[in-house]
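Below: the structure, in structure tokens.
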Amino acid sequence: MNLSEYTTYDAVGLGQLVAAGEIRPAELAALARAAADAVNPRINAVVEHWAPEESDLATQATPSPLAGVPFLIKDLAIQLTGRKNELGSRLARGVVASADSNLMRHFRKAGLVTIGRTTTPEMAFSTETESALQGATGNPWDTRLSAGGSSGGSGAAVAAGVVPMAHATDAAGSIRVPAAYNGLFGLKPTRGRTSSGPALDEVFAGLGVQLGVSRTVRDSAALMDAVQGYSAGDPYYTAPPANSFLSEVGRDPGKLRIGLMVHSWNGEPTSDPIAQATRDAPHHLQSLGHHVEESRPELGVSWEAFVHANAQIWCATLVRWIDGLAAATGRPIDATTLEPSTLANYRFGRSASAVDFAAALEVRNTVARAVGEWFARMDVLMTPTLPQSPGLLATYSEGADRMSGLEWTARVFRHASFTPPANVAGTPAMSVPLAVAPGDGLPIGIQFAAGFAREDLLLRLAAQLERSMPWAARRPAVWAGRP
């Protein structure tokens, strides 16, 4: 198999070749590393890659559709024994994980062959991927533009054909944002679906979850089957469905009641190309038998209160991360180790009281109840994934040195104003690459959200759209499979 052939397969397809004995995991790992070497100089998505361990190549006894498939992990929120875990930060430069996290153990058990780690903005507190430690990650469709964040390295690597899918996290949209920018499928699971332990319990008080980005719906479904479940001590747990998630792909979703929302809760307009793509999608959905009507779910609080609560939770959590890293490395907490936005977030988190944090959790509860009531009446909410197209690299952080932590959080949430409510409510949501922008051909992601624990419904709908509005043949300018 050559690179051109390798990049035509999704993860389940490669797993089928391994199961049939048509190719060995070591050969696939070598192809993935060659793909990284071919494209990474242009996109800077892979921090490092390595030869897989022998234990990861011994997948013959693993009853998994993903056994033997090459994989990348994000440089944050997951630990792989003996490998660096730097969180995109100079403060954590050279820090090595001493043990696998729960999620990493699930990835191993599924037979995935982890060959490297991907870029992330510092502490994942951004919706694009640039850091002083790792540099900027370019979009494979146009390398002058952002690949999104905070899982931008994973998004760019998958879009460019390095691996068919990669690990990603999402606390305010960090799976869905890079999926939208890079023309991928990205599913944010329900709170409690996957474990972030044992070092992490409630990532940003339960706002953060983990899964991945992929080029096909079935890959994300298979990945969630592999990693869902309870681990000892998890503060949240969502029970598994009666059927596997992979079996939902291809199942009829029935006639769904879909609410359409084109402009976001912050009151700012969506750009014309994205708004038009969102308005065009209902015609196709109605042709599939679904009912679509304009509907704007209420959050139960103002946008300003929503952002303020998230800033309290995020920044207070960062204080503990940063203090722990400084103590472990002996490094100072200053401009030599942290970027201006992170220092601002650290100062803001330091100023938050226990009463402030409790008030922020009350906002989380209000939003979750309001969203839950809306989904009692409707099946799915459809919105743009993002209100604007990707911006030029090196522009997102302009003026960060003059911002407070609250102002930085407001910038992050303004950039991705459609995605954070699903994190606060704990409900599943996905970005589906249904459209391309006229003129520049950049991908446009459409977000679909559902009620608590209804990933099955989203996967049925996503697979229906994948069949009727296929995106698999689209290729970015930077593509490992191009001769």
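The values are calculated or read from the model by the stated rules, or taken from the named source; none is laboratory data. The structure presented is a predicted model; accordingly, all values stated were derived computationally and were not measured. Cβ sites come from the backbone with ideal geometry, for glycine too, and all protein chains shown count toward neighbours.
Couple of notes before you dig in:
- Counting the residues of region 437-483 that are hydrophobic (A, V, I, L, M, F, W, C), farther than 17 Å from Gly186 by Cβ and either crowded, with 24+ Cβ neighbours inside 10 Å or modelled with pLDDT of 95 or more (or both) gives 7.
- Test: residue in region 392-414 that is under 23 Å from Arg460 (Cα atoms) and at pLDDT 95 or above: no
- Residue within region 81-93 that is at pLDDT 95 or above, outside any strand (DSSP E or B), under 25 Å from Gly192 (Cβ atoms) and in contact with a Pro (Cβ under 6 Å, 6 or more places away or on another chain) present: no
- Members of region 27-71 that are in contact with a strand residue (DSSP E or B) (Cβ under 8 Å, 6 or more places away or on another chain) and within 15 Å of Lys109 (Cα to Cα): Pro52, Asp56, Leu57, Thr59, Gly68, Val69, Pro70, Phe71
- Selection of first residues in region 68-83 that are touching a residue at least 12 places away in the same chain (Cβ under 8 Å) and over 16 Å from Ser151 (Cβ atoms) and of second residues that are aromatic (Phe, Trp, Tyr) and in a loop (DSSP other than H, G, I, E, B), restricted to Cβ pairs under 9 Å at least 6 apart or on distinct chains, gives the following pairs, ordered by first then second residue: Arg83/Trp50.
- A residue that is touching a His at 6+ places or on another chain (Cβ under 7 Å) and of a type in the set (Ser, Thr, Tyr) occurs somewhere in region 266-273.
- Residues that are of a type outside the set (D, E, K, R), in contact with a strand residue (DSSP E or B) (Cβ under 8 Å, 6 or more places away or on another chain) and either surrounded by fewer than 24 Cβ atoms within 10 Å (Cβ to Cβ) or modelled with pLDDT under 95 (or both) do not occur anywhere in region 110-126.
- Any hit, region 245-263, residues being within 21 Å of the chain's Cα centre (by Cα) and among the hydroxyl-bearing types (Ser, Thr, Tyr): no
- Matching residues in region 464-474 - criterion: being more than 12 Å from Leu288 (Cα to Cα), in contact (Cβ under 8 Å) with a residue 24 or more places away in the chain and either more than 20 Å from the chain's Cα centre (by Cα) or in a helix (DSSP H, G or I) (or both): Glu466, Arg474
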